[in-house]
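Single-structure report; data block below.
The values are calculated or read from the model by the stated rules, or taken from the named source; none is laboratory data. All figures in this text were calculated on a predicted structure; none of them were measured in a lab. For neighbour counting, all protein chains shown are included, and Cβ atoms are generated from backbone atoms with ideal geometry for every residue, glycine included. Heads up: the accessible areas ignore ligands, DNA and RNA and are worked out on the full protein's heavy atoms, side chains in. Shrake-Rupley method; radii C 1.70, N 1.55, O 1.52, S 1.80 Å.
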Amino acid sequence: MGVPKGRRRVVAAVAALLAVGAVAGIGYRVLAPAEVVTPARGDLPPPVTPAIGVIGRLPVAPLLVDGRLRVYAAPRQVYADQPADRRYRVTPFWSYRRWPAQLNAVLASDATVLTRWSDGKLVALDGRSGKVAWRADGPPPGAGFTARRTGAAVVWDPRGLFVAAGPDGRAVLVAAGEGQLRGYAVADGRELWRAGGDADCRTGLGTTADGRVLTLDSCATPATVEFRDVSTGAVLTRWLPPDAGPELTVTPVDCLTPRSRCRGLRTAGPGDAAGRGWLVGAGDPVAAPILDAADRTLVGEFVVGSDGPVLKGWQARTGRHRWQRGDLGPVRVLAVGSGRVYVLTEQRDLVTLDPTTGAQRSRFPLTVGRDGIGWQPGLAYAADGYLAVERLRERAGPDDDDQAYFLMSEPVVLAAT
């Protein structure tokens, strides 16, 4: 005896609805916004003083936190390993994932790891444990994961995310995106201020060592640099270089962390390849002609750069020549750190110098195993006495894919100086 046709239709319809519901449930679990926090299961290792020299090579770019952790970026994840002087990348000490948003920028403020995502969400992590300290809504950056596979551009050169200390010493996070600026207390994520504007007009540049936020108003005629109070967002002064044209490019230099707590600027107009150098402090920027050359680097109160085959150091404010090194041959300045300037010789020796005297602090080949010296440096980063640099193929170009761009699968070399 069979099932009546009417009942069969009802059963089929119910089965179809159940199947659709199951698929929808699975799809929701897979595609719905999600956050996965995997905190540390143990204590941090004690601080270490690594032996001077190359530590090892890594597949991704490390951000040093608290002198004991290395933090890395992936398209939808930020994670850490430890200790800082381990030769290889190892199993994550902690991890934080979001979906479907992409990681856009990472910045460290003491032991707090500050992250910004493509949907504008700001998430602060306790660098020692990986636990979420706070979350806040910020202006969308207008982009997702903008780095190559090393993640270096996200952790070593983040755009639109800056920190500075206000007059009361309180650390403030500044997020810029779509013409907006917002300030947050690093301690708890509380929004302190916001400033709006035309997304096509206002660009966040960074912060200064004396607690001001730098923005460029490109809709002004001519384009004008704004200096804002980091605690309130109020415009303190507007400035433009003498003889500035209708277009202006401004780049912060000598920053203690990427684009944060900077002590100088370089400005340029159309056709002005080198531009002009400026020192930033109280009041308007002060011209530093000795910094004008494009291959010169500001390190505190000193400028370091090549004069032909000779590396020289000058006082930034007066231009007075202080020291020179003719024994290194042609060199390239890779990065600067606290009381250190890192230069790379043609033989791929890493030389660490005191910027005030030119005295050598360390020198060793920046090579690993049999990797050789047939490479060119990419992005570089220095912190806590460490230096990390991307190694690129000698003929690598910006349009090459990652395989043709990087020297190998582990292109980042990490060294202690």
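Only one of the listed residues (Asp384, Asp402, Asp354) is under 20 Å from the mean Cα position of the chain (by Cα) and farther than 19 Å from Arg149 by Cβ. That residue is Asp384. Would you check if Ala288 is over 24 Å from Ala153 (Cβ atoms) and in contact with a Leu (Cβ under 7 Å, 6 or more places away or on another chain)? So Ala288 passes the test.
Considering the stretch 258-301, and only residues there that are assigned to a helix (DSSP H, G or I) and in contact with a Ser or Thr (Cβ under 9 Å, 6 or more places away or on another chain), the residue that is nearest to Arg212 (Cα to Cα) turns out to be Leu291. Residues considered: Ala84, Ala80. Of these, the only one that is under 18 Å from Tyr381 (Cβ atoms), open to solvent by less than 10 Å² (accessible area, probe 1.4 Å) and part of a strand (DSSP E or B) is Ala80.
Here is a yes/no grid of residues against (1) without any contact (Cβ under 8 Å) to a residue 60 or more places away in the chain; (2) open to solvent by less than 50 Å² (accessible area, probe 1.4 Å):
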site: Thr352; (1), (2): no, yes
site: Pro355; (1), (2): yes, yes
site: Gly358; (1), (2): yes, yes
site: Arg361; (1), (2): yes, no
site: Val368; (1), (2): no, yes
site: Asp384; (1), (2): no, no
site: Arg395; (1), (2): yes, no
site: Pro398; (1), (2): yes, no
site: Pro411; (1), (2): no, yes
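If you go through the stretch 302-325 and keep only what is buried (at least 16 other Cβ atoms within 10 Å of the Cβ) and within 30 Å of Val235 (Cβ to Cβ), you end up with Val303, Ala316.
Would you mind stating whether Arg332 is over 30 Å from Asp66 (Cβ atoms) and surrounded by fewer than 15 Cβ atoms within 10 Å (Cβ to Cβ)? In short, no. Checking the stated criteria, Pro39 turns out not to satisfy the condition of being closer than 30 Å to Val412 by Cβ, modelled with pLDDT under 95 and in contact with a Gly (Cβ under 8 Å, 6 or more places away or on another chain).
Per the conditions (1) of a type outside the set (Val, Ile, Thr); (2) modelled with pLDDT of 95 or more; (3) in contact with a Ser or Thr (Cβ under 7 Å, 6 or more places away or on another chain), the sole criterion not satisfied by Gly138 is (3).
Taking the stretch 140-257 and the strands (runs of 3 or more DSSP E) fully enclosed by it, the elements with 3 or more residues that are open to solvent by 40 Å² or more (accessible area, probe 1.4 Å) and without any contact (Cβ under 8 Å) to a residue 40 or more places away in the chain are at 235-239. Among the residues of the stretch 45-86, those that are touching a residue at least 24 places away in the same chain (Cβ under 8 Å) and β-branched (Val, Ile, Thr) comprise Val48, Ile52, Val54, Ile55, Val60, Val65, Val71, Val78. For the stretch 97-137, a residue qualifies if it is within 18 Å of the chain's Cα centre (by Cα), part of a loop (DSSP other than H, G, I, E, B), of a type outside the set (S, T, N, Q) and buried (at least 19 other Cβ atoms within 10 Å of the Cβ), and the qualifying residues are Gly120, Gly127.
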